[in-house]
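Take a look at the structure below.
The values are calculated or read from the model by the stated rules, or taken from the named source; none is laboratory data. Predicted, not measured: the structure shown is a model, and the values here were computed from it. Every residue, glycine among them, receives a Cβ derived from its backbone with ideal geometry; neighbour counts consider all protein chains shown. All accessible areas refer to the heavy atoms of the entire protein, side chains included, with ligands and DNA or RNA removed. Shrake-Rupley method; radii C 1.70, N 1.55, O 1.52, S 1.80 Å.
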Amino acid sequence: MRKARIVGRRDVLLSVTGLAAALAAAASDGTRAWAQGGGAAAAPPPPARGTQLVLLGTQGGPNVNLRRSQASNAVIVDGRPYLVDCGYGAVRALVAAGIGYAQLGTAFITHLHDDHMADVAALLSLQWTGNKSQPTDVYGPFGTAAMVEAAIAFTKANTEIRVTDEGRTLRPEQLFHGHDIGAESAPVQVFKDDRLIVTAAENTHFPDRAKAAMRYRSVAYRLQTETRAIVISGDTAYSKNLVALARNADFFVCEIIDQPQYETNLAAAQQARAQGRENSIAQHVVETHSNNADVGRMAAEAGVKTVVLSHLLPGSNRNSTAEYPDSSYIEGVRKAFQGQVIVGRDLMVL
Ligand SMILES: [Zn+2]
Ligand SMILES: [Zn+2]
């Protein structure tokens, strides 16, 4: 059995002593981290060769706080960026990470909750206004193509003003294309180019009784490059499909709700049910997200090398000055998983 290794010290330093400690620690362990906003300079561009995973937004749920953006990740392959999820703050984070948004051409959305797609309209609008001339393709489960059309409609006035006033000729609908992909139990290839193969499988974020009444679905993605396999869970409870998708992956980027938060929601859900309400926000949280034990179990069953915890609950919601302790997430996951566990931070590069 491999000896457990925990990467948590750097993150503790980040929360305790701020940017100076972050930079010093980043230099010592080969990863990069930057403070967000506040005039901090953007990072240098990613390297021309190899595969990098950049955590753009690590907060769980539809929350806005100043320490973590909503869900978003970039995978950069030989200098070309691909986006997975685009929650609020993703565009700003792309700039802060040194990737930029102007030439980003491919995005994958795990599901259409707003904390995973709120910045899609901003991304596409700013690309068009910024004179992008090459297409941007957005892939995701049912509803994604309609969402891209709606994003174009959202920016209609901006388009008409600038076409009229600035003599522009290219239309957003010529550039931006949404693609609905399938949500199957077995992994299905949904994208391939010269650097990357992406497969998707349905996860367990939407309960059966909700799926019976709607066509929307939720998926996880596996991004396979020449050198790395990166799996991004999206939002999900324990999922056999996800275990199969994540088999032997180098990085398993997985959502997590920490045990105390899970139990608080469990009690609230039970109270709602006692009052005759089967569907409640608390019920949604406990039924469709992964607690520490779920994450550890999936990681162990899939045999992944490294777990990267992201879409954290509580994340940075509770307190604007003191970060929720990394150790709390890690200890729960380690009960089932013996490999490396990293607690994600915005702009962490792996
Ligand atoms: Zn979410
Ligand atoms: Zn969700």
> List the trypsin sites (Lys or Arg not before Pro) in region 216-311 that DSSP assigns to loop (not H, G, I, E or B) and whose Cβ has at most 13 other Cβ atoms within 10 Å. Which are they?
Replying inline: Arg277
>> Set the bar at 31 Å for Cα to Cα. Now go through Lys132/Lys240; Lys240/Lys335; Lys132/Lys305; Lys132/Lys192 and name every pair that lies beyond it.
In response: Lys132/Lys240; Lys132/Lys305
> Under 5 Å between amide H atoms, partner at least 5 residues away or on a different chain: which partners does Phe108 have, H built in plane at 1.01 Å?
Replying inline: Leu83, Val84, Asp85, Tyr139
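As a test of the formula, what do you get for the chain when each DSSP H run with n ≥ 4 contributes -39,500 (n - 2.57) and the sum is divided by the residue count, at 222 nm and rounded to the nearest 500 deg cm²/dmol?
Mean residue ellipticity, 222 nm, calculated: -10000 deg cm²/dmol.
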> Taking springs between alpha-carbon atoms closer than 10 angstrom, which of Asn279, Asn292, Asn248 fluctuates most in the Gaussian network model of the chain?
Replying inline: Asn279
> Among Ala299, Ala200, Ala272, which one shows the biggest mean-square fluctuation in a GNM of the chain, springs joining Cα atoms closer than 10 Å?
Replying inline: Ala272
> Out of Val163, Val190, Val77, any idea which swings most in a Gaussian network model of the chain, alpha carbons joined below 10 Å?
Replying inline: Val163
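If the only charges are +1 at each Lys and Arg Cβ and -1 at each Asp and Glu Cβ, what is the size of the charge dipole of region 125-224 around the Cα centre, to the nearest 20 debye?
Computed about the Cα centre, the dipole is about 160 debye.
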> Which percent of Cα pairs goes in each bin when the distances of region 116-269 are cut into 10 angstrom slices starting at zero?
Replying inline: 10, 30, 30, 20, 9, 1
>> Beyond 22 Å, how much of the Cα-Cα pair distribution for region 35-111 remains, as a whole percent?
In response: 19
>> Just want to confirm a number: the relative contact order over region 38-175, from Cα pairs under 8 angstrom separated by 6+ residues, in percent.
In response: 19
>> How large is log10 of I(q)/I(0) for the chain at q = 0.07, 0.13 Å⁻¹ when the intensity is taken from the Debye formula with one equal scatterer per alpha-carbon?
In response: -0.28, -0.99
> Quick one: if you take sqrt(5λ) for each eigenvalue of the C-alpha gyration tensor of region 251-342, what semi-axes come out, biggest first, whole angstrom?
Replying inline: 26, 16, 10
> Counting only protein heavy atoms, what percent of the accessible surface of region 230-278 is carbon or sulfur at a 1.4 Å probe?
Replying inline: 46
